[in-house]
Amino acid sequence: QVQLAESGGGLVQPGGSLRPSCAASGLYARIDIWGWYRQAPGKQRELVAEVTSRNSPDYADFVKGRFSISKDSNRNIVTLQMDSLKPEDTAVYYCYVKTTIRGYWGQGTQVTISS
């Protein structure tokens with residue numbers, strides 16, 4: 001059974017940092033893409049950042065220069081370093097992996113930026 005276990009969300013003040021991570025287990029196919037998406041209340045889910053198996057990252061414009069995605073292919077873990085957080089970054093953050101067969105979603109972790 002495939003599982004994506006996310007952790008590291010929480011509540012921080014504006015300007016703070018968080019570092020959610022996602023551990024994938026039960027996968028037998030190669031992971032081609034690792035990604036993080038987010039969904040704020042009343043809005044559609046949107047891509048935040050993704051990284052390929054060749055370590056080529058891509059970021060949404062609204063996080064460039066503030067967020068950094070990294071992966072550990074040996075341990076099947078992807079991490080999103082989030083700095084200079086803003087109230088508009090508040091959302092549920094979802095881990096996503098795409099294997100050679102299909103994609104999988106995590107259950108989401110809440111990130112709240114508030115003073």
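Couple of notes before you dig in:
- Of the solvent-accessible surface of the chain, computed with a 1.4 Å probe and all protein chains present, 44% belongs to carbon and sulfur.
- Total formal charge among the other residues, if their Cβ is under 14 angstrom from that of residue 88, Lys/Arg +1 and Asp/Glu -1: +1
- Counted residue by residue at 0.36 nm each, then reduced by the alpha carbon distance between them, the extension gain from residue 27 to residue 88 reaches 18.6 nm.
- Kirkwood Rh in Å, taken over all unlike Cα pairs in the range 2-106: 13.9 Å
- Most mobile listed residue (41, 14, 57) in the chain, GNM with C-alpha springs under 10 Å: 41
- Net charge, residue 15 excluded, C-beta distance under 12 Å - Lys, Arg +1, Asp, Glu -1: 0
- Under 18 Å of direct C-alpha separation, and excluding same-chain neighbours fewer than eight residues apart, residue 43 reaches these aspartates and glutamates: 61, 88, 89.
- Once the chain from residue 47 to residue 17 is taken as fully extended at 0.36 nm per residue, the excess over their C-alpha distance is 8.9 nm.
- Fully extended contour minus Cα-Cα distance, from residue 112 to residue 75, at 0.36 nm per residue: 10.5 nm
- Local charge for residue 63 was computed over the other residues whose Cβ lies under 13 Å away, with Lys and Arg +1 and Asp and Glu -1, and equals -3.
The values are calculated or read from the model by the stated rules, or taken from the named source; none is laboratory data. Values in this document were obtained by computation on a predicted structure and should not be read as measured data. Cβ: placed from backbone, ideal geometry, glycine included. Neighbour counts: every protein chain shown. Keep in mind that these areas ignore ligands, DNA and RNA; they rest on the heavy atoms of the full protein, side chains included. Shrake-Rupley method; radii C 1.70, N 1.55, O 1.52, S 1.80 Å.
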